[in-house]
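The values are calculated or read from the model by the stated rules, or taken from the named source; none is laboratory data. Since the structure is predicted, the reported quantities are computational estimates derived from the model, not experimental observations. Virtual Cβ from ideal backbone geometry, glycine too; neighbours counted across all protein chains shown. Surface areas here come from the heavy atoms of the whole protein model, side chains and all, with no ligands, DNA or RNA. Shrake-Rupley method; radii C 1.70, N 1.55, O 1.52, S 1.80 Å.
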Amino acid sequence: MPHPPGFMIDNRYEVTHYIDSGSYGEVYEVFDHTQQQTVALKLLDPALITGWPWEEAARLTALRSEYILPVWNADIFGGVPYIVAELAQGSLDGAAPTAPGQAIRYIREACRGVARTHDDAILHRDIKLANLFLSVNDRVLVGDFGLAFPMDANGEAPGAGTPLTTAPEILIGGGKTSVASDVYSLGACLYALLTGFYPYNDHAPPGTPALQALVAAGPPTPLRDLAPHVSLGLAGRVDRALARNAADRYPSAAAFEAELGHLAAPARLWRRVVSHPGHDRCWESAGPAGLRVCATQIAGTNRFSVETARLVSGLRIIANCKPGVTTAALPGTLRAIFQRLGN
């Protein structure tokens with residue numbers, strides 16, 4: 001049961017209110033009477049936080065970067081480990097789908113924070129959108145180090161994480177966490193920002209056994225089937241970060257960030273928008289020559305009508321309007337249209 005307001009933790013942190021709980025602990029807004037500031041405190045489930053040499057937990061407070069949510073303290077209260085961090089403004093959870101340029105910027109910033117963590121020989125082990133926070137100036141800060149763990153001599157740590165962003169070698173192989181598995185999680189976050197779904201989560205979140213079966217069966221739905229406005233270059237970079245074989249991924253978070261930075265600027269800035277009434281899915285490009293692309297299912301059939309029109313005038317661009325497209329052919333048709341229009 002959550003602690004009520006006024007409850008004192010470690011004779012220092014006064015609970016202001018309960019924020020949330022997850023698989024690994026409870027998060028509170030607390031007032032730090034020593035530092036005279038309001039901060040976030042996470043009480044970790046000691047049954048799940050195993051193996052960490054907790055006397056070394058203060059190493060987390062040494063993680064300093066403009067892309068890391070500051071950790072102010074890490075200690076034990078009544079046998080329960082806890083971490084105190086800066087109170088975040090919000091996270092990327094719920095931000096998807098995001099325009100490709102914005103998604104790239106967010107994940108490049110996350111890569112910088114994770115790379116800094118790896119430089120200190122610590123693996124995050126739980127990278128997901130809910131743990132990528134936003135500063136007041138809209139910069140991504142990597143946070144929630146409740147599952148973070150120091151690397152061993154082989155650069156590894158015990159396997160852990162949230163299933164939807166956990167690398168295959170851990171989720172279905174029972175292997176250890178490594179830099180490569182943190183890179184996979186960053187790729188899963190970028191996939192989610194671009195499509196609105198984590199890999200293998202196209203419709204409803206599967207339970208862990210069902211997710212394990214999906215991962216074991218093969219790769220996730222191709223990114224451009226769900227987000228046809230994404231360029232081939234960007235999709236290829238996400239694919240490499242999500243490679244099933246850890247050795248095929250980017251060798252570091254810094255290398256992933258650099259490759260995202262080498263992408264050419266798209267000819268048009270597309271974004272998925274709330275569908276117009278009666279439409280199944282819609283995209284728009286900004287600017288005075290803005291366009292919209294909409295797919296509408298034809299009533300009583302498994303076919304779609306795809307329409308491309310100018311935003312201001314509403315005039316249709318006939319060459320990029322396709323009536324009677326089957327469900328199976330729709331992803332390829334949309335990809336071809338965006339390719340012609342510039343993505």
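Brief remarks on what is shown
- Segment Thr301-Ala319, extension gain: residue separation times 0.36 nm, minus the distance between their alpha carbons: 4.1 nm
- Linear extension gain, Ser21 paired with Thr327, 0.36 nm per residue minus alpha-carbon span: 106.2 nm
- List Phe256, Phe133, Phe197, ordered by accessible area with a 1.4 Å probe, largest first: Phe197, Phe133, Phe256
- Taking amide H atoms as placed 1.01 Å from N in the peptide plane, the amide H of Arg281 lies under 5 Å from those of Ala295, each 5 or more residues away in sequence or on another chain.
- Residue-level accessible surface for Met8, protein heavy atoms, 1.4 Å, Å²: 70
- Across the range 174-180, rounded Karplus estimates of 3J(HN,Hα) from the backbone phi angles (6.51 cos²θ - 1.76 cosθ + 1.60, θ = phi - 60°) give x, x, 9, 7, 8, 4, 4 Hz, Gly and Pro being marked x.
- 29 Å Cα-Cα reach of Lys128 towards lysines, excluding residues that sit fewer than 8 places from it in its own chain: Lys42, Lys176
- Only helical runs count toward this figure. For the chain, summing -39,500 (n - 2.57) over DSSP H runs of n ≥ 4 and dividing by all residues gives -7500 deg cm²/dmol at 222 nm.
- Spin-label model, Asn154 to Ala267: label points 7 Å out along the Cα-to-beta-carbon direction sit 4.9 nm apart.
- Size descriptor for the chain, Kirkwood hydrodynamic radius: 21.6 Å (Cα pairs only, one decimal).
- Share of carbon and sulfur in the accessible area of the chain stands at 54%, probe radius 1.4 Å.
- Under Karplus coefficients 6.51, -1.76 and 1.60, residue-wise ³J(HN,Hα) of the range 185-194 in Hz, glycine/proline x: 5, 5, x, 5, 5, 5, 4, 5, 5, 7
- Annotation: extensible slack from Thr38 through His276 equals 81.4 nm (criterion: 0.36 nm per residue apart, minus Cα-Cα distance).
- Excluding ligands, DNA and RNA, the accessible surface per residue across the chain is 44 Å² with a 1.4 Å probe.
- The range 1-98 shape via C-alpha gyration tensor axes, a/c threshold 1.5: rounded
- Solvent-accessible surface (1.4 angstrom probe) belonging to Asp93, in square angstrom, nearest 10: 100
- Efficiency of FRET from Cβ geometry, Gln89 and Arg64, R₀ 25 Å, rounded to 0.05: 0.85
- Sequence of Asp120, Asp239 from largest to smallest accessible area, 1.4 Å probe: Asp239, Asp120
- Take the Cα radius of gyration of the range 72-228 and divide it by 2.2 N^0.38 Å, N being the number of residues; the result is 1.05.
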